[in-house]
Amino acid sequence: MATDGWQQARAATVALWHRVRPEQDEAIATELRTARSTALTARERGETDREQALVSSWRLRLQDLLDRDPALVGDLRRLVDEQLTPALPEAEQARIHTLVQKARATDHSQVSQSGGDMTTHQAPRL
């Protein structure tokens with residue numbers, strides 16, 4: 001919310017809302033302007049918790065939009081991939097990734113999965 005690409009990201013987000021929830025698009029535009037102002041102030045003051053809270057609240061709003069209409073998954077993925085992620089500073093872009101894991105354990109087998117570092121300890125069988 002505090003980057004130079006913000007205007008394009010905001011316009012794309014409002015456009016999506018206009019298409020799927022036109023009755024909410026003006027309110028969303030206003031809320032995004034307010035959120036940006038709050039994010040800039042938080043960044044100036046070093047209030048990273050406040051900045052992250054804003055990010056989390058908008059992440060939940062997008063998730064709610066998807067929960068109400070699962071057919072929007074492609075639209076939301078394009079919004080994130082083509083507009084929101086490129087608007088982030090490069091260091092933050094590098095942290096974004098998608099991870100899908102599937103596992104199936106049968107009989108007495110075990111599955112251990114991790115999206116990052118993982119250490120496991122297993123007691124020897126007697």
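Details
- Of the residues making up segment 12-30, those that are surrounded by fewer than 16 Cβ atoms within 10 Å (Cβ to Cβ) and either among the charged types (D, E, K, R) or in contact with a strand residue (DSSP E or B) (Cβ under 9 Å, 6 or more places away or on another chain) (or both) are R19, R21, E23, E26.
- Listed here are the helices (runs of 4 or more DSSP H) enclosed by segment 31-117 that have at least 3 residues being without any contact (Cβ under 8 Å) to a residue 12 or more places away in the chain and open to solvent by 90 Å² or more (accessible area, probe 1.4 Å): 48-68.
- Criterion violated by A15 - all others in (1) closer than 15 Å to Q83 by Cα; (2) of a type in the set (A, V, I, L, M, F, W, C); (3) within 16 Å of the chain's Cα centre (by Cα) satisfied: (3)
The values are calculated or read from the model by the stated rules, or taken from the named source; none is laboratory data. Owing to the predicted nature of the structure, the values given are computational and were not obtained by experimental measurement. For neighbour counting, all protein chains shown are included, and Cβ atoms are generated from backbone atoms with ideal geometry for every residue, glycine included. Only protein heavy atoms, including side chains, enter the accessible area calculation; ligands, DNA and RNA are left aside. Shrake-Rupley method; radii C 1.70, N 1.55, O 1.52, S 1.80 Å.
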